[in-house]
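The values are calculated or read from the model by the stated rules, or taken from the named source; none is laboratory data. Quantities reported herein were computed from a predicted structural model and do not represent experimental measurements. Cβ sites come from the backbone with ideal geometry, for glycine too, and all protein chains shown count toward neighbours. These accessible areas exclude ligands, DNA and RNA; they are computed on the full protein's heavy atoms, side chains included. Shrake-Rupley method; radii C 1.70, N 1.55, O 1.52, S 1.80 Å.
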Amino acid sequence: MLSSSLPDTIGNLLELDSIELDGNGLTGELPSSMGNLEKLMYFHAADNSFGSTLPTALGMLTALQELGLTSCGMTGGIPTEMVILTDSAYDFPYSRSYLALDDNELSGPFPEWMGAKLQNLEYFYLGWNKFNGTLPVEWSEFPQIINLQLQNNNLLTGTIPEEWANITTLTGLYLHGTNLTGGASFLCREDLGNNTCEDCGLTVDSAVECECCACCGDHGELSVFMNSR
């Protein structure tokens, strides 16, 4: 187990294609020199204490397919430079396009540009943060998104955009623990979730109407899940 900060010299390791640093008690900021790691495809550093904003240098990682920074004390918003998670020119086994920034202190509105720019994103986790505002209509442009988790951002307001029904690749959507209102019935689809409380295809709060949903406890909160029928 490490207990320090990442050195700037990490940017000199130009042949690195993967970094796994989960749960090492790391502190300080992610060094901007990481932008030099043009072959990096896999960077997981969850459960550390960086306590800083997301560095714009991450947007220079053009081969990146997986970024996991869950529970790292990250603050601020998501910078526009983070146009990452693209098709890679390198052969990396078991690859998927994965962005996990959940359980941090991130705030501000959800960036509208992400739907059009992150064209290969499949798994997107932003739950348990402090994002505010509304759900972007533009996120209906995610062409390959499979699982989208936005739960427990209790400053989110407004309704679920009806355009999100066009995201036909989506099998999991988690929206409970927010202040969303309106309805969700237009999202009902037989292939969304597995119709079980363990794998609720769709979760929203009871304030959101859903004709094909039923009560399901999720983390001790009242939510609803997709009842495929």
Right, residue 8: of a type in the set (Asp, Glu), out of contact with any strand residue (DSSP E or B) (no Cβ under 6 Å at 6 or more places or on another chain) and either more than 24 Å from residue 125 (Cα to Cα) or free of Cβ contacts under 8 Å to residues at least 40 places away in the same chain (or both) or not?
-> yes
Would you confirm whether any residue within the stretch 84-98 is under 15 Å from the mean Cα position of the chain (by Cα) and either at pLDDT 95 or above or not in a loop (DSSP other than H, G, I, E, B) (or both)?
-> yes
Do you know which residues across the stretch 48-73 are among the β-branched types (Val, Ile, Thr) and within 13 Å of residue 23 (Cβ to Cβ)?
-> 70
Tell me, please, whether a residue that is open to solvent by 40 Å² or more (accessible area, probe 1.4 Å), modelled with pLDDT under 90 and assigned to a loop (DSSP other than H, G, I, E, B) can be found in the stretch 122-137.
-> no
